[in-house]
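Here's the structure we're looking at; comments come further down.
The values are calculated or read from the model by the stated rules, or taken from the named source; none is laboratory data. Since the structure is predicted, the reported quantities are computational estimates derived from the model, not experimental observations. Using ideal geometry, Cβ is built from the backbone for each residue, glycine included, and neighbour counts are taken over all protein chains shown. To get the accessible areas, we keep the full protein, side chains included, count just its heavy atoms, and leave off ligands, DNA and RNA. Shrake-Rupley method; radii C 1.70, N 1.55, O 1.52, S 1.80 Å.
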Amino acid sequence: MASADRDDDRPRPRWQDRLWAIGGIALVVGVGIRLLMNGASAWPSAVVGAVPAAAWIVWWVRRRRVRDAGAVGARPQDVPGMERQILKGGPAPRDPARRRALAALVDSRQERLRRNRWWAFPTLALIFFGTSALWFVSGSVGAGSLTLGLAIVFMGWLTWYNLRFDRRLSQMRSRLQD
């Protein structure tokens, strides 16, 4: 049920957007990975090791939301809904203040995406394909083949996602200008 003071333009918050949910998911994933690597008997050290990582992730997400909200003139809890509205290709808001905030978020995301593209992709390609080359040079064909396959898949996915996100940002920009 929507509250009486909520206008229809604002996307509904989801449980995945809440900081406690992000922290809980990070904690479960961290503990799970540590248990897979160290065995089930290492559960106390897995929990103790995953708690700081989950806390850091929550801190980082919160800081990013607060900075984004301050830059675009929105509330921090509205930022995930605005991002989802961009990614899902939703209609532009009717409220002029929300349109301005969404336009500022689109501009900010697009500028950041394009600013870092020129160095991030070559650096990641160097790291992933360089690691594969080092495995091959060291004589481990199996590890080299595995890392080469993972590098190709990851760089392909990253390129596709980057272009898709840039296209969605451009589409939202054009909807906001109409």
### Message
For segment 79-109, give me each residue that is without any contact (Cβ under 8 Å) to a residue 60 or more places away in the chain and farther than 11 Å from Met172 by Cα.
### Response
Val79, Pro96, Ala97, Arg100, Ala101, Ala104, Ser108
### Summary
Of the listed residues (Arg117, Arg167, Arg112), the one being touching a residue at least 12 places away in the same chain (Cβ under 8 Å) and either basic (Lys, Arg) or under 30 Å from Ala92 (Cβ atoms) (or both) is Arg117
### Query
Got at least one residue in segment 164-178 being outside any helix (DSSP H, G or I), farther than 28 Å from Arg18 by Cα and open to solvent by 60 Å² or more (accessible area, probe 1.4 Å)?
yes
#### Entry: Candidate set: segment 87-122, residues that are over 17 Å from Gly73 (Cα atoms) and assigned to a loop (DSSP other than H, G, I, E, B); chosen: the one modelled with the lowest pLDDT
Gly90
### Summary
Among the residues of segment 120-151, the number that are without any contact (Cβ under 8 Å) to a residue 24 or more places away in the chain, surrounded by 12 or more Cβ atoms within 10 Å (Cβ to Cβ) and within 30 Å of Arg84 (Cβ to Cβ) is 2
